[in-house]
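Participant: To start, I am sharing the structure in question, which I have written as structure tokens.
The values are calculated or read from the model by the stated rules, or taken from the named source; none is laboratory data. This one's a predicted model, so the numbers in the text were calculated from it and none came from an experiment. Here the Cβ positions follow ideal geometry from the backbone for every residue, glycine too, while neighbour counts run over all protein chains shown.
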């Protein structure tokens, strides 16, 4: 082998072997390929998330309808009779339910009721049951009704003063009146003022009944 060939062989020996170079290159490439970047953590968009229908929606409340003006007034007058005076004229004149509710608690409120209501026996009875003094605000027809007057004088004997002349001659009514208040005798008819039973009943209440 010549000198030139020996020198070439020596250079080849000193140089890195080809397989080693190729291997190192593959390893670097493999390393670069295997490096993965961790994905960044991003908060999920709540609008993009699937939802269950009705899951986040509060249940609809089954609310009652708002009260009507009539119901509002009815509530007020059951608590305060003055509310009847402040109600609309139409409401006072025509609404029996409202008037009935208030006179049941405040009999004297009958004076603010319509003429129609003052002729209504159910309304007047409710008023005089609460206080017999309310008889003075009833219609003449009701003041001549023996049942109405009897209820009135049972709670307030002197209500006999507001009864019709005919009712003042009714012995049952007069007896009830003087039993409650002997002073009612002065409002009875002359005939009843001379009636022995009526007089004795009044005197039992007070000795001055005949004065």
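Participant: For segment 161-176, which residues satisfy the criterion of being more than 15 Å from residue 191 (Cα to Cα) and crowded, with 20+ Cβ neighbours inside 10 Å?
Facilitator: Answer for segment 161-176, where residues must be more than 15 Å from residue 191 (Cα to Cα) and crowded, with 20+ Cβ neighbours inside 10 Å: 162, 163, 176.
Participant: Moving to a separate point now. Taking segment 80-95 as the search range and keeping residues that are within 29 Å of residue 144 (Cβ to Cβ) and assigned to a loop (DSSP other than H, G, I, E, B), which one is modelled with the highest pLDDT?
Facilitator: Taking the candidates together, the pick is 95.
Participant: Output the number of residues of segment 112-125 satisfying the condition of being in a helix (DSSP H, G or I), under 27 Å from the mean Cα position of the chain (by Cα) and buried (at least 17 other Cβ atoms within 10 Å of the Cβ).
Facilitator: Residues flagged as in a helix (DSSP H, G or I), under 27 Å from the mean Cα position of the chain (by Cα) and buried (at least 17 other Cβ atoms within 10 Å of the Cβ) within segment 112-125 amount to 3.
Participant: Right, something else. Select, from 102, 98, 77, 128, the only residue that is surrounded by 13 or more Cβ atoms within 10 Å (Cβ to Cβ), assigned to a helix (DSSP H, G or I) and at pLDDT 95 or above.
Facilitator: One residue alone meets the criteria, 128.
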